[in-house]
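K.L.:
Just passing along the structure, written as structure tokens.
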Amino acid sequence: MQYTSAQANKLLLQLREERENLLAAERASRQFVAATIEDPESVRPAYDYAEMQAAIAETERKIRVVKHAISGFNLTHEVCGMTVDQLLVYLPQLKERKAKLGSMAAQLPKTRAETGRMSIIEYTYTNYDPAAAQADYAAASRALDEAQLALDTLNTTATMEIEL
């Protein structure tokens with residue numbers, strides 16, 4: 001069946017939730033407590049060991065298939081001059097750069113430092129041009145927006161084959 005990357009990631013999320021639900025159901029029913037005055041069979045929860053293991057294994061197999069398809073997609077599809085897997089590393093780097101440059105751009109060229117000593121006045125000076133930091137911040141912001149939009153477009157248009 002054909003899936004976009006966005007659909008495949010939603011499918012992966014559903015499968016992970018399904019696995020967690022199976023594991024929670026197993027934890028809740030694989031053991032039980034019965035009082036000495038109770039008949040254990042009357043309070044035994046429904047649990048089929050073999051069936052549960054098979055269901056967990058099948059869900060885990062599907063997760064592997066979907067993750068493999070997504071990985072292949074990310075290695076073979078390009079956006080913004082790089083593969084998707086490279087872009088997924090680049091985006092957090094770009095976000096970090098944008099945040100750093102935003103902080104640098106907001107600095108005044110000269111600020112009074114709080115030293116706690118009344119007799120000496122100290123100043124902190126920027127050792128760079130805040131206007132250059134502002135220009136680089138704007139460029140990083142544009143690059144981030146463009147990359148995210150390009151990735152969003154690819155993730156909602158290009159498809160991959162996933163056979164579960």
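K.L.:
List, please: which pairs have Cβ atoms under 7 Å, are six or more places apart or on different chains, and start with a residue in the stretch 50-61 that is within 12 Å of Arg30 (Cβ to Cβ) and end with one that is aromatic (Phe, Trp, Tyr) and surrounded by 11 or more Cβ atoms within 10 Å (Cβ to Cβ)?
P.N.:
Final answer for the pair search is none.
K.L.:
Let me ask something else. For Thr153, only one of the following conditions fails: (1) surrounded by 11 or more Cβ atoms within 10 Å (Cβ to Cβ); (2) touching a helix residue (DSSP H, G or I) at 6+ places or on another chain (Cβ under 8 Å). What is its number?
P.N.:
Every condition holds for Thr153 apart from (2).
K.L.:
Separate question: Could you grab me the full set of residues in the stretch 67-82 that are surrounded by fewer than 16 Cβ atoms within 10 Å (Cβ to Cβ) and among the polar types (S, T, N, Q)?
P.N.:
Ser71, Thr76
K.L.:
Of the residues in the stretch 124-145, how many are exposed (fewer than 15 other Cβ atoms within 10 Å of the Cβ), charged (D, E, K, R) and part of a helix (DSSP H, G or I)?
P.N.:
Matching residues across the stretch 124-145 total 2.
K.L.:
Answer yes or no: is there a residue in the stretch 82-104 that is basic (Lys, Arg) and either in a loop (DSSP other than H, G, I, E, B) or over 34 Å from the mean Cα position of the chain (by Cα) (or both).
P.N.:
No: zero hits.
K.L.:
If you don't mind, there's one more thing I want to ask. Out of all the residues in the stretch 16-66, which are touching a helix residue (DSSP H, G or I) at 6+ places or on another chain (Cβ under 6 Å) and surrounded by fewer than 11 Cβ atoms within 10 Å (Cβ to Cβ)?
P.N.:
Pro45
K.L.:
Still on this structure: Take the conditions loosely packed, with under 14 Cβ neighbours inside 10 Å and farther than 19 Å from Thr153 by Cα and apply them to Thr115. Does it pass?
P.N.:
Here the answer is yes, as Thr115 does meet what is asked.
K.L.:
Would you please list the contacts, defined by Cβ atoms under 6 Å and residues six or more apart or on different chains, that run from a residue in the stretch 137-164 that is within 17 Å of Leu12 (Cβ to Cβ) to a residue that is at pLDDT 95 or above and of a type in the set (D, E, K, R)?
P.N.:
Leu164/Lys62
K.L.:
Here's something else I'd like to know. Identify the residue in the stretch 84-112 that is among the β-branched types (Val, Ile, Thr) and under 30 Å from Thr156 (Cβ atoms) and, among all such residues, is surrounded by the fewest Cβ atoms within 10 Å (Cβ to Cβ).
P.N.:
Val89
K.L.:
Sticking with this one: Kindly provide the set of residues from the stretch 4-28 that are more than 19 Å from Glu60 (Cβ to Cβ) and either touching a residue at least 12 places away in the same chain (Cβ under 8 Å) or in a loop (DSSP other than H, G, I, E, B) (or both), ordered by number.
P.N.:
First pass over the stretch 4-28, keeping only residues more than 19 Å from Glu60 (Cβ to Cβ): 4-7, 28.
Passing the criteria: Thr4, Ser5, Ala6, Ala28.
The values are calculated or read from the model by the stated rules, or taken from the named source; none is laboratory data. Being a predicted model, the structure only gives us computed values, none of them experimental. Here the Cβ is made from the backbone with ideal geometry for all residues, glycine too, and neighbour counts use every protein chain on show.
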